[in-house]
Amino acid sequence: MTVSSMKYFEARRMTVRYDRVRAISDVSIGFDAGEVVSLIGANGAGKSTSLRAITGLANLAEGEIWFDGQRIDRLPAARRVAMGIAMVPEGRRVFPLMSIRDNLLMGAYTRRDGAVKRDLDRILDRFPRLRERFRQQAGTLSGGEQEMLVIGRALMSKPRLLLLDEPSLGLAPLVVRDIARLVTEINREEGTSIVLVEQNSRMALRISRYAYVLETGRIGLEGASQSLLDDDKVKQLYLGG
Ligand SMILES: Nc1ncnc2c1ncn2[C@@H]1O[C@H](COP(=O)(O)OP(=O)(O)OP(=O)(O)O)[C@@H](O)[C@H]1O
Ligand SMILES: [Mg+2]
C-alpha cells in the first residue's frame with residue numbers, strides 16, 4: 001500500500017497477548033486527521049489494551065500501526081510521545097501531593113521548545129477551575145477537576161493524537177457533559193485527532209464521527225456513530241434499550 005492511499009492513522013489487525021491469553025485479536029482502527037472516533041464495549045472487552053498498543057505500553061503479537069505515514073508499532077513509547085501521541089489512562093492518576101501547576105508541567109517534560117509557558121496559559125484559559133487553584137495540591141480537586149487536570153497534562157505535550165480512556169467514569173451527569181464539551185472543543189479548536197474510550201456509549205457516540213464496538217477482544221460492529229445510535233442491537237446492548 002502506498003503512503004498516499006493510507007489514512008492518517010491505521011491500526012491493522014492488532015493482536016495483543018498477556019501471557020497466553022489474547023486480550024485483543026485482529027483489531028483494526030483507521031481515521032483521518034482531525035477526527036474523533038470512539039471505542040466502546042463492556043468490561044474487559046479490550047478497550048484499554050487497544051490504547052496501550054497504540055502508545056507502546058503493550059506489544060503487538062501481530063499487526064501493524066501506522067501514524068502519519070510512518071510505521072510506529074516497533075518504536076518505543078517515548079518516541080511515540082515525541083511524535084505527538086498522548087494518552088490519558090483510565091483512573092485519572094494525578095500526582096496528589098504536587099501542585100496543579102507542577103502536574104501540568106509534568107506533561108511537557110519531553111518538550112524542548114520555548115513555548116511551554118504560553119501553552120500552559122492557553123490550557124488554563126480552557127480550565128478556569130485549574131487556574132483558580134493553580135498552587136494547590138492536586139489531591140484536593142474533585143473527581144471531575146482531576147479528570148480536567150489529567151487531560152490538561154496530556155495537552156501540555158501538544159499532542160496531534162489524543163487517546164482518552166474512560167474520562168467520564170464515575171462522574172456525575174453534569175460533569176460528564178462538561179467532559180464531552182471539552183473533548184469536542186479540543187478537537188475543533190486544536191485540530192487534535194481523538195480516540196475516545198468510553199463505557200458511557202451514548203456520550204461517546206454523540207461526540208464522535210465513527211465508532212468501533214469491542215466484544216471480547218474483537219471488533220463486533222463498527223460504523224458512523226449516528227447510525228450506531230439508531231441501531232437496535234446497539235440500543236439494546238449498549239444504550240440501555
Ligand atoms: N496486565 C494484564 N495481564 C493479564 N491480562 C490482562 C492484563 N490487562 C488486561 N488483561 C485482560 O485483557 C482483556 C482486556 O482487558 P482491557 O483492560 O483491555 O479491557 P477494557 O475494555 O479496557 O475493560 P474495562 O472497561 O474494565 O477497563 C481482559 O480479559 C483482561 O482481563
Ligand atoms: Mg479499560
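Every number here is computed from the coordinates shown, using simple stated rules; none is lab data. Predicted, not measured: the structure shown is a model, and the values here were computed from it. Cβ coordinates were reconstructed from backbone atoms using ideal geometry, including for glycine residues, and neighbour counts include every protein chain displayed.
Quick look at the numbers
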| quantity | calculated |
| --- | --- |
| Shape call, segment 148-236: gyration tensor on alpha carbons, a/c limit 1.5 | prolate |
| Karplus-derived HN-Hα couplings along segment 194-205 (A = 6.51, B = -1.76, C = 1.60, θ = phi - 60°), whole Hz, x at Gly and Pro | 9, 10, 10, 9, 8, 8, 7, 4, 4, 4, 4, 5 |
| Residues with amide H under 5 Å from that of L39, placed H, sequence gap 5 or more | L196, V197, E198, Y212 |
| Reduced Cα scattering model of the chain, Debye log10 I(q)/I(0), q = 0.09 Å⁻¹ | -0.37 |
| Cβ-based net charge around G220, under 14 Å, with every Lys or Arg adding one and every Asp or Glu removing one | -1 |
| Segments 49-62, 116-129 sorted - mean Cβ within 10 Å per residue, highest first | 49-62, 116-129 |
| Euclidean distance of C-alpha centroids, segment 51-76 and segment 149-173, integer Å | 20 |
| Under-5 Å amide H pairs with R17, H placed in peptide plane, nonlocal only | A23, A61 |
| The chain: relative contact order as a whole-number percent, Cα under 8 Å and 6+ apart | 26 |
| For R218, distant residues with modelled amide H under 5 Å away | S25 |
| In the chain, lysine pairs closer than 23 Å at Cα, eight or more apart or cross-chain | 5 |
| Per-residue HN-Hα couplings for segment 38-53 [Karplus 6.51, -1.76, 1.60; θ = phi - 60°; Hz; x = Gly/Pro] | 10, 10, 10, x, 6, 3, x, 6, x, 5, 5, 4, 4, 5, 5, 5 |
| Mean Cβ count within 10 Å, highest first, over the residues of peptides 192-205, 137-150 | 192-205, 137-150 |
